[in-house]
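One structure is given here, and the rest of the page talks about it.
The values are calculated or read from the model by the stated rules, or taken from the named source; none is laboratory data. Quick caveat: nothing in here was measured; it's all calculated off a predicted structure. Ideal geometry is used to build each Cβ from the backbone, glycine not excepted, and the neighbour counts take in all protein chains shown.
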Amino acid sequence: MGKTTKYKAKLPNEHGVIDYTESENDIWRQLITRQLKWIDDTACQEFLDGLKLLDLPLDRVPQLSEINQVLQKATGWSTEPVPALIGFEQFFRLLSEKKFPVATFIRTQEELDYLQEPDIFHEIFGHCAMLTNPHFANFTEHYGKLGLAASKEERVYLARLYWFTVEFGLVRSHDGLRIIGGGILSSPGETQYAYRKEAEITPLDPLTVFRTPYRIDIMQPQYFVIEDLAHLTELTNLDLMGLVKQAMEMGLLPPKFEPKKNTA
């Protein structure tokens, strides 16, 4: 996707099993143990329900086959092992086929709190629990189909909808705001940041979302909130690509963050 990474995906052995080292399993243990302390009061109920179905191990990185058994039964989805970074074409195609791309590496100790690349903890803990929910799963499949048919220019705008829902979305509940976005749920730092109420929180309007710039290397200065998970299904019934074209004509809104410093 136009950038490089120091991480490399791990390949399965002759038995289809990915062998993780003791230190890699320890990273998983640290991440999941720490994040489980936060989610009861921050994650949406649908995420908690999905996490219960997944029954993730606490002491080791799970195998994708374990995740697939749960997703297939719940919504017909599965995971697909991919390199650390993939192109938009492959990304959209996999989603359109109800296959969630999972990079099979895990972050280093130095990047425990936050990393830009999606590692296996981000993908499994952050996203796969939500993929057990029909509204979330159908929205993600629909998004993949839209992206597959979109032009390169349209995909840049369309990507913002995924970013502000699947990655960094919030939802209202009777207990207040709750998290649905995997980018928050898999990041201890972002979870705490989101609940300090330092960021601007805005009701989700797709046209506004398509026009809102973001950066991947900072805590988000703005989050968008949906009314409930059924709102995602309502979004799939809109002419989203028509709104993308309208957003392209109107142009971007002023960014709510400082420009990235050029270190070259």
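Would you mind telling me which numbered condition in (1) within 18 Å of the chain's Cα centre (by Cα); (2) touching a residue at least 60 places away in the same chain (Cβ under 8 Å) residue 36 fails?
Of everything listed in (1) within 18 Å of the chain's Cα centre (by Cα); (2) touching a residue at least 60 places away in the same chain (Cβ under 8 Å), residue 36 misses just condition (2).
If you go through segment 90-122, how many residues are at pLDDT 95 or above, in a helix (DSSP H, G or I), under 20 Å from residue 159 (Cβ atoms) and of a type outside the set (Phe, Trp, Tyr)?
Adding up the residues that qualify gives 5.
Kindly check whether there is at least one residue in segment 158-176 that is out of contact with any Leu (no Cβ under 9 Å at 6 or more places or on another chain), among the polar types (S, T, N, Q), in a helix (DSSP H, G or I) and surrounded by fewer than 16 Cβ atoms within 10 Å (Cβ to Cβ).
no
Go through 83, 62 for me and flag whichever is surrounded by fewer than 17 Cβ atoms within 10 Å (Cβ to Cβ) and either within 15 Å of the chain's Cα centre (by Cα) or not hydroxyl-bearing (Ser, Thr, Tyr) (or both). Break it down stepwise before answering.
Details: 62 fails: surrounded by fewer than 17 Cβ atoms within 10 Å (Cβ to Cβ).
Unique residue meeting the criteria: 83.
Could you check segment 187-240 and list, in sequence order, the residues that are touching a residue at least 60 places away in the same chain (Cβ under 8 Å), surrounded by 12 or more Cβ atoms within 10 Å (Cβ to Cβ) and among the aliphatic types (A, V, I, L, M)?
Hits for segment 187-240 are 194, 216, 226, 229, 232, 235, 240.
Could we say that residue 248 is over 20 Å from the mean Cα position of the chain (by Cα), surrounded by fewer than 18 Cβ atoms within 10 Å (Cβ to Cβ), under 26 Å from residue 133 (Cα atoms) and in contact (Cβ under 8 Å) with a residue 40 or more places away in the chain here? Walk me through how you get there before you give the answer.
Values: over 20 Å from the mean Cα position of the chain (by Cα): yes; surrounded by fewer than 18 Cβ atoms within 10 Å (Cβ to Cβ): yes; under 26 Å from residue 133 (Cα atoms): no; in contact (Cβ under 8 Å) with a residue 40 or more places away in the chain: yes.
For residue 248, the condition - over 20 Å from the mean Cα position of the chain (by Cα), surrounded by fewer than 18 Cβ atoms within 10 Å (Cβ to Cβ), under 26 Å from residue 133 (Cα atoms) and in contact (Cβ under 8 Å) with a residue 40 or more places away in the chain - is not met.
Taking residue 145 as meeting all but one of (1) of a type in the set (Lys, Arg); (2) outside any helix (DSSP H, G or I); (3) closer than 27 Å to residue 238 by Cα, write down the number of the exception.
(2)
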